[in-house]
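A short worksheet on the structure shown next.
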Number of protein chains: 2
Amino acid sequence: MSEKSFNVSCPVPEYSFEKITLGHGSGGILTSQLLEKTVYSLFSNDELNSQHDGAIISPKGRIAISTDSFVVSPIFFPGGNIGDLAINGTMNDLAMCGARPKYLSLALIIEEGLSMEKLWIILHSIKVIADQHGVQVITGDTKVVESGKGDEIFINTTGIGEMLDDVSISANNIKSGDCVIVSGMIATHGMCIMSVRQGLEFRTNLQSDTCYVGDAALALVKELGNDLHFLRDPTRGGVATSLNELVNNTTYDIELDESEIPVLPEARSACEMLGLDPLYVANEGIFIAVVASGSARQALDILQRFDISKQAVCIGKVLEGGRGRVVVRSSLGGKRVAGKLPGDQLPRIC
Amino acid sequence: MSEKSFNVSCPVPEYSFEKITLGHGSGGILTSQLLEKTVYSLFSNDELNSQHDGAIISPKGRIAISTDSFVVSPIFFPGGNIGDLAINGTMNDLAMCGARPKYLSLALIIEEGLSMEKLWIILHSIKVIADQHGVQVITGDTKVVESGKGDEIFINTTGIGEMLDDVSISANNIKSGDCVIVSGMIATHGMCIMSVRQGLEFRTNLQSDTCYVGDAALALVKELGNDLHFLRDPTRGGVATSLNELVNNTTYDIELDESEIPVLPEARSACEMLGLDPLYVANEGIFIAVVASGSARQALDILQRFDISKQAVCIGKVLEGGRGRVVVRSSLGGKRVAGKLPGDQLPRIC
């Protein structure tokens, strides 16, 4: 498996079968054997071990729910694999709601023929991140489809998080003068996937930025209170599309200062080679925070405390009297409107 | 679309595009257009309409969570489609935990080229059932994969249900003498799918039994109290596999009376033609209830009140001093052990 070299290695158990077969999705003995040696041995906890059709939990107060199916291709890439994306992506979506991730469901659609080695490495990646952040995988599902009817593995993760007290993060909260902060370098994940995607000729040293950004985001939630107006992780469609979703159909514009937008040099040159705008490229390890102008300095100070957001920067402002557009001011002073991603920049990026 | 004739027709809106393209999964303008005209128009509610990365709810007390990915082939079949299976299946899993379904996430993995007509009919089916049972679709996700990397559509539904008070349904509760009840005819769904699966030569009038069984199951929960020991919907692997999961590794056996096991004549003859045992064929519209022997009559009376469980019947008993096996007693008095489904009886049945 050439992709394995991208990933932190982990010891792979010995299996009596090397590859997934249709029988592993039958619901019978083979399914039990597969799950005992993968999911149940990795994620053991009371709810999962009960092997019921669902899990029962007693959450405190309001909860957030988020679901995502991951279909990234290739499933292994520099900096991670589809398992990392799945758990980080769903935990990040919960954090963007102002919730601390607590529980995860894990549903696999496996293409017949996937090697047990790949499956184990992917599940192991999920396990490591779950443990790191105190998240439990409490219920799941495993299906197998015939060779040629899937693409190695698709993963759905649905997350349950407990809302921090008194949180109200909503597009309706934004105000004129608000500062638009990005927590780190943009376009890294998307350009990493492009660099390894079959059929593209160039390679770079880019690694996906996939990670959990919730500790930094939830610190903003707690410390800024009502001065934190909006949070969003700009995945598919990139920063420009997320900001359009925020202001389209409002009377606000967002004006971005192009010279402030942080992009890794390798990602920038990959974008230039392919004629892509980094503002539309998918991210997996950063988030956007829209904060009251008076709290912008404090927000950046908070973000400085976390490794994943040390390079946080204010890239623009919310302006009143606008037409619901995202406007980019170039370093030469020119302005252009950056609408939503118009077509299909790069399929299966997450 | 020849499959359409299987389904209740519903008016299909006019779309400016006839088929799903990769761009519909980009996260940009095409994704927005697709979702506005399908998911958002069908499932409108406050949480979904906020179009955040997740939904925020305030459940009462304990909640149950269940997830399932559906990969059934074909996606349309007599009696329903993959959408019906997805919502009924996830709601049923919640009910089997003793929870009333309240919220659903809906994640689609669509193969490029799926017709808008099929997508609409599938989503419309989900909408009708959700409304019927007061369930809200509050968050979702849509991905598109290239033609040949999926199979029309895969659907993940994760459900959240509110637990009824004081419920404790667990394999640990079963006792010697308990009565094993099935709520209706077994093997119907599986034999229906087989009857339309490409490559099989026979056809029958069988319709899938896919439906929500929770009203009947939760009536048992409420009215039998602690005398209801266990609930399970025997989907993949069938009744035999579910019962094995219940008693394997215990000192109980379950003895089934073969002559009491209800099977539709069409399903039975289809099983005979294909050499299949109905006990291993998937079901989507029945459940198993294990109840204290003294409450068996009351349980059957309760089930009589619901259309979906009018034909409920006691098919066997839990016996102590056993070896964790399911034993089937034939009408001639012979006995055979029915283990878990050994291999791959029929892939992609749900």
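The values are calculated or read from the model by the stated rules, or taken from the named source; none is laboratory data. Bear in mind that the values here come from a model prediction, so they are computed numbers and not experimental data. Note that we place each Cβ from the backbone using ideal geometry, even for glycine, and neighbour counts take in every protein chain shown. These accessible areas exclude ligands, DNA and RNA; they are computed on the full protein's heavy atoms, side chains included. Shrake-Rupley method; radii C 1.70, N 1.55, O 1.52, S 1.80 Å.
At R0 = 22 Å, how high is the FRET efficiency between B:Tyr40 and A:Thr251 if r is their beta carbon distance? Nearest 0.05 is fine. It would help to have the intermediate numbers written out before the result.
Working: r = 22 Å, r/R0 = 1.02.
With a Förster radius of 22 Å, E is 0.50.
Per residue of segment A:215-229, in order, report the coupling 6.51 cos²θ - 1.76 cosθ + 1.60 (Karplus, θ = phi - 60°) as ³J(HN,Hα) in whole Hz, putting x for Gly and Pro.
Computed from phi, the couplings for segment A:215-229 are 4, 5, 5, 6, 5, 4, 4, 6, 8, 8, x, 5, 7, 8, 9 Hz.
Would you grab the residues whose amide H sits under 5 Å from the one on B:Lys102? Only those 5+ places off in sequence or on another chain, please, with H modelled 1.01 Å from N.
B:Ile160, B:Gly161, B:Glu162
Just to confirm the number: angle between the C-alpha axis of helix B:238-247 and the first principal axis of chain B, 0 to 90 degrees, nearest 10?
The angle comes out near 60 degrees.
Under a plain spin-label model, where a point goes 7 Å from the Cα along Cα-to-Cβ, how far apart in nm are B:Lys19 and B:Lys60?
4.9
Can you give the Kirkwood hydrodynamic radius of the protein assembly as shown from its Cα pairs, in Å with one decimal? All intermediate terms of the calculation are to be shown ahead of the outcome.
On the way: mean 1/r = 0.0383 Å⁻¹.
When all Cα pairs of the protein assembly as shown are included, the Kirkwood radius is 26.1 Å.
Pick from A:Pro262, A:Pro59, A:Pro11 the residue whose mean-square fluctuation is largest in a GNM of chain A, springs joining Cα atoms under 10 Å.
Greatest mean-square fluctuation among the candidates belongs to A:Pro11.
With both partners inside the protein assembly as shown, how many of the DSSP beta bridges are antiparallel, as a percent to the nearest 5?
Working: 88 of 115 bridges.
Approximately 75 percent, going by the DSSP bridge assignments.
At what distance in nm do the modelled label points of A:Glu320 and A:Ser293 sit from each other, each positioned 7 Å from its Cα along Cα→Cβ?
In this crude label model, A:Glu320 to A:Ser293 measures out at 1.1 nm.
Amide H to amide H under 5 Å from B:Thr142: which residues, 5+ apart in sequence or cross-chain, H placed 1.01 Å off N in plane?
B:Leu108
Report, in debye and to the nearest 20, how large the dipole of segment A:155-248 comes out about its Cα centre when Lys and Arg carry +1 and Asp and Glu carry -1 on their Cβ.
Details: 6 positive and 11 negative charges, 95 e Å.
With Lys and Arg at +1 and Asp and Glu at -1, about 460 debye.
Assume the label is 7 Å from Cα along Cα to beta carbon: what separations in nm does B:Asp257 have to the matching positions in the other copies?
Once sorted, the set of distances for B:Asp257 reads 8.3 nm.
Compute a Gaussian network model of chain B, connecting alpha carbons closer than 10 Å, and tell me which residue from B:Tyr103, B:Tyr40, B:Tyr280 fluctuates the most.
B:Tyr40
Label-point separation (nm) for A:Met273 and A:Val12, each offset 7 Å from Cα along Cα-to-Cβ?
So the label points at A:Met273 and A:Val12 sit 2.9 nm apart.
Evaluate the Debye formula for segment B:28-177 with equal point scatterers sitting on the alpha carbons, no solvent, and hand back log10 of I(q)/I(0) at q = 0.10, 0.11 Å⁻¹, in q order, two decimals.
Relative scattering, expressed as log10 I(q)/I(0), comes to -0.38, -0.45.
Would you look at the GNM of chain B, springs on alpha carbons closer than 10 Å, and say which of B:Asp166, B:Asp227, B:Asp151 moves the most?
It is B:Asp166.
Angle check, please: helix A:82-96 long axis (alpha carbons) against the longest principal axis of chain A (alpha carbons), in degrees 0 to 90, nearest 10.
With rounding to tens, the tilt is 50 degrees.
Binned at 10 Å from 0, what are the whole-percent values of the Cα-Cα distance distribution for chain B, short to long?
That works out to 5, 25, 31, 23, 12, 3, 0, in percent per bin.
Would you kindly work out the equivalent ellipsoid of segment A:45-106 from its C-alpha gyration tensor and give its semi-axes, the square roots of five times the eigenvalues, largest first in whole Å? Spell out each step's value before the answer.
Values: eigenvalues 119, 57, 16 Å².
Semi-axes (√(5λ), whole Å): 24, 17, 9.
Could you work out how far helix B:265-274 tilts from the main Cα principal axis of chain B, as a 0 to 90 degree angle to the nearest 10?
90
Straight-line reach only, C-alpha to C-alpha below 16 angstrom: list the aspartates and glutamates that B:Lys175 could link to, leaving out same-chain residues fewer than 8 apart.
Within the straight-line limit of under 16 Å, B:Lys175 reaches these aspartates and glutamates: B:Asp227, B:Glu245, B:Asp253, B:Glu255, B:Glu320.
List, in order, the whole-Hz ³J(HN,Hα) value for each residue of segment B:331-339 obtained from phi through the Karplus relation with A = 6.51, B = -1.76, C = 1.60 and θ = phi - 60°; use x for Gly and Pro.
Each residue's phi maps through the Karplus curve to give 5, 8, x, x, 10, 9, 8, 10, x Hz.
Take the alpha carbon atoms of segment B:214-330, find their radius of gyration, then divide it by 2.2 N^0.38 Å using N residues; give the quotient. Don't jump to the answer; show the numbers that get you there.
On the way: Rg = 14.3 Å, N = 117, 2.2 N^0.38 = 13.4 Å.
Relative to the 2.2 N^0.38 Å estimate, segment B:214-330 comes out at 1.06.
From largest accessible area down, sort A:Glu320, A:Glu284, B:Glu36, B:Glu112; use a 1.4 Å probe on the protein chains. Mind showing how you got there, number by number?
Details: A:Glu320 135, A:Glu284 5, B:Glu36 95, B:Glu112 65 Å².
Largest accessible area first, the residues go A:Glu320, B:Glu36, B:Glu112, A:Glu284.
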